[in-house]
Each structure stands twice: as C-alpha cells, then as structure tokens.
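Encoded as structure tokens, the structure appears first; notes follow it.
The values are calculated or read from the model by the stated rules, or taken from the named source; none is laboratory data. Everything numeric here is computed off the predicted structure, so don't read it as measured data. Virtual Cβ from ideal backbone geometry, glycine too; neighbours counted across all protein chains shown. All accessible areas refer to the heavy atoms of the entire protein, side chains included, with ligands and DNA or RNA removed. Shrake-Rupley method; radii C 1.70, N 1.55, O 1.52, S 1.80 Å.
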Amino acid sequence: MLVVPSCVPRYSVFEPLDLETEPIVEYYSDMNFDYASVFSFAVVPIRKLTNKTYDNYNPLAEDSISFNIRNIMELNGYQFSDSPDIVLLYLFSNKYEQSYIPPQQYTSFMYIPGKNVTTTTDFSGNINSITGWGSFSGTATTTTRTPATIMPYTFTTPGKTVGYYYPGVNIWVYDLRNEKIIWQGFAVGASKNSDIRVSSQVLLMKLLSNFPRSQRPGVEPPSGVIGVWVRVLTFDGNTFFPVIVDVDKGLPADRAGLKVGDIILKINNVSTINKSTSYIDRLLRGEAGSIVTLEIMRNNNTQIISVARAARK
C-alpha cells in the first residue's frame with residue numbers, strides 16, 4: 001500500500017482544496033479496543049440508516065464523500081469490503097454565513113526625506129546721477145536645506161461583506177462484532193469553495209489521519225519502486241484522479257521528470273478516472289527493472305512519461 005503525507009502540499013493545482021483557516025479537528029478513541037483486530041471496513045452515510053435529511057444536506061455529495069473516506073482508509077491500510085469488521089458512519093454540512101465589515105479608519109505615518117531648496121531673486125536699482133554711477137541690476141541665489149520629517153496621515157478602508165462556507169464532517173466508527181462505537185471525530189473549516197465534495201477532502205484527510213493504521217498482514221510488496229506518493233483527489237466533485245503529492249528525490253520518478261501536482265490520467269494505458277486508492281496502488285506496483293508508463297496532465301497539457309522501476313531498498 002502506498003503511504004502518503006497526511007497533508008496535501010500547497011501548489012497551484014491544489015488551490016480548489018484550500019481552506020481559509022486551519023481546520024478544527026477533534027476525535028475520541030476507545031482506548032480499550034483492540035484496533036489490531038480490525039482489517040476491513042465499509043462506509044455508510046447516516047442518512048441511509050435514519051431516512052432523514054438534515055440542514056445543508058446535499059444528496060449529490062454523498063457518493064463523493066463516501067469515496068473520499070474509502071480512499072483515505074485504504075491509505076491507512078484497511079481493505080474495503082462487503083463483509084466488514086467496522087463501518088464508518090458519517091454526516092456532513094456546508095453552511096454559508098456572511099458578515100459585514102464596516103469602514104475602518106487607520107492612522108499611519110509617512111516619511112518625507114530632507115531636500116535642498118534653491119531660491120533665486122532678481123534685483124535692480126538706480127544710483128543718483130550726481131555720482132555718475134547710473135542704474136544697476138542682478139540676480140541673487142540662496143540654497144537652504146529642508147530637514148527630513150515624519151508626517152502622520154489617516155486613511156479609511158471601505159465597508160464590505162465577507163462570506164464563507166463552513167464545511168464540516170462527523171464520523172462514527174462502529175464495530176460490528178461488539179456492536180459499539182469505537183471511534184468518533186469531527187472536523188470543520190472555512191472555505192470559499194461552495195462544493196463540499198471538494199472542500200471536505202482536507203478535513204477528511206486531517207481527521208482520519210488520527211485513526212489507527214491497520215495491522216493487517218500485507219502481501220509482500222513487489223521488488224520495484226518508482227518513488228511517487230499519490231492521493232486520489234477530485235477538483236470538481238465529479239471526477240477523481242490520482243495526483244502526485246510527493247516525489248522521492250533521486251529515485252526513477254524524479255529522474256524521469258515527474259513533479260508534485262501532476263495528475264495521472266492513465267497507467268500503462270489503463271484509465272485512472274474514478275478508481276480507488278487500492279486499484280491505483282496495484283497499477284503502480286511492479287518488479288524491479290520493469291517499465292511503467294504514465295500519461296499525466298500538467299498545466300492543462302498532457303504528456304507520456306515512462307519510468308523503470310528501481311529495486312526496493
């Protein structure tokens with residue numbers, strides 16, 4: 001299973017996921033529960049159990065959020081199953097609130113540097129004719145230094161209305177064998193994105209990164225590695241693609257020119273659209289020396305990059 005960072009780095013391709021503030025995350029765990037005994041999971045929205053909707057409910061978002069939860073749990077090492085050990089129950093909301101910021105007056109200071117000021121004066125006159133000197137005229141120039149000063153000044157910002165969406169998710173983990181809640185948590189943030197299918201992804205990542213990783217015995221991984229860390233993400237709420245979130249320096253992916261933010265469209269000519277984390281993981285696996293060919297999108301341009309897997313250390 002690929003292991004990737006719990007936080008998505010901030011690059012231009014990730015802007016739709018950005019939150020305006022660091023999200024608030026709280027979780028509670030049953031410390032007496034043996035998490036090492038849990039291997040498989042399923043995801044169910046609360047609404048399907050209660051048949052009731054709630055404030056800010058969005059039916060179009062349910063499948064997308066369920067898929068996001070599945071991908072994160074697979075990153076944590078759990079297996080998605082129709083006969084699970086645990087069920088993740090969840091609900092979500094995306095309330096919009098506006099606030100008015102009145103005009104604000106501020107006082108600051110302006111530095112005015114010193115400078116030289118030159119004054120020019122014309123003069124003329126007439127001497128008494130007895131002396132025989134007649135008339136005269138001329139120009140006098142005087143230069144003075146104006147010292148530097150600091151002058152206060154006041155400015156006023158206009159009033160404005162600011163509005164944010166407040167995406168929130170609550171998750172309860174229910175143990176089917178013991179019929180009890182073993183873990184629960186919530187996360188809430190502020191976003192300019194109205195689509196909770198997109199804005200909730202960072203919330204889910206941060207919340208479920210606190211869930212204990214699976215101790216399920218894994219199949220011995222293939223001998224090859226290319227050195228990319230990926231997450232399955234959506235930027236429009238409708239389509240999911242694996243996105244490179246980290247590249248290990250010095251490994252084949254780095255040498256081949258793969259970069260953070262590259263969206264993987266195909267792996268060995270197999271489409272990755274709306275495929276789960278476990279499926280993408282299987283496509284990327286391979287033996288040392290074998291070739292994997294990736295079709296990626298970068299800056300709205302597609303290109304094909306072939307990478308030879310290196311031996312796993």
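Return the whole-Å distance between the Cα centroid of the range 19-66 and the Cα centroid of the range 234-313.
Result: 29 Å between the Cα centres.
In square angstrom, what is the accessible area per residue of the range 190-256 with a 1.4 angstrom probe? Don't jump to the answer; show the numbers that get you there.
Working: 2660 Å² over 67 residues.
Result: 40 Å² of accessible area for each residue.
With charges only on Cβ, +1 for K and R and -1 for D and E, what is the dipole size of the chain about its Cα centre, in debye, rounded to 20?
I would put it at about 500 debye.
Please state, to two decimals, what the Cα-based radius of gyration of the range 58-201 comes to when divided by 2.2 N^0.38 Å (N = residues). Mind showing how you got there, number by number?
Values: Rg = 39.0 Å, N = 144, 2.2 N^0.38 = 14.5 Å.
After normalising by residue count via 2.2 N^0.38 Å, the value is 2.68.
What per residue convex hull volume, in Å³, do the alpha-carbon atoms of the range 139-246 yield?
388 Å³
Carbon and sulfur: what percent of the chain's accessible surface (1.4 Å probe)?
On the chain, the fraction of accessible area on carbon and sulfur atoms equals 52 percent.
What full-extension length gain, to one decimal in nm, is calculated for ILE181 and ILE24 as 0.36 nm per residue of separation minus the Cα-Cα distance?
54.3 nm
Which whole-number percent gives the relative contact order of the chain, counting Cα pairs below 8 Å spaced six or more residues apart?
21 percent
Tell me, what is the Rg over Rh of the range 159-313, with Rh the Kirkwood radius over Cα pairs?
Taking Rg over the Kirkwood Rh, I get 1.04.
Checking the cross-link filter: which lysines have an alpha carbon closer than 30 Å to that of LYS192, excluding same-chain neighbours under 8 positions apart?
By straight Cα distance, LYS192 reaches LYS48, LYS52, LYS95, LYS160, LYS206, LYS259, LYS275.
Against the 2.2 N^0.38 Å scaling, with N counting residues, where does the chain land? I'd like the Cα-based Rg ratio to two decimal places.
1.71
Over the range 271-313, what per residue volume does the convex hull of the Cα atoms give, in whole Å³? Walk me through the intermediate numbers first.
Working: hull volume 4.1 nm³, N = 43.
Hull volume over Cα atoms, normalised by residue count, gives 96 Å³.
Dipole size in debye (nearest 20) for the range 173-313 around its Cα centre, Lys and Arg Cβ +1, Asp and Glu Cβ -1? Don't jump to the answer; show the numbers that get you there.
Numbers: 19 positive and 12 negative charges, 38 e Å.
Dipole of the range 173-313, to the nearest 20 debye: 180 debye.
Given H placed on each backbone N at 1.01 Å, which residues far from GLY286 in sequence or on other chains put an amide H within less than 5 Å of it?
Hits under the 5 Å cutoff: GLY224.
In square nanometres, what is the average projected area of the Cα convex hull of the range 241-313? Spell out each step's value before the answer.
Working: hull surface 18.9 nm².
Averaging across all directions leaves 4.7 nm² for the Cα convex hull.
Could you order ASP236, ASP248 by accessible surface area, starting with the largest, using a probe radius of 1.4 Å?
Working: ASP236 70, ASP248 45 Å².
Largest to smallest exposure gives the sequence ASP236, ASP248.
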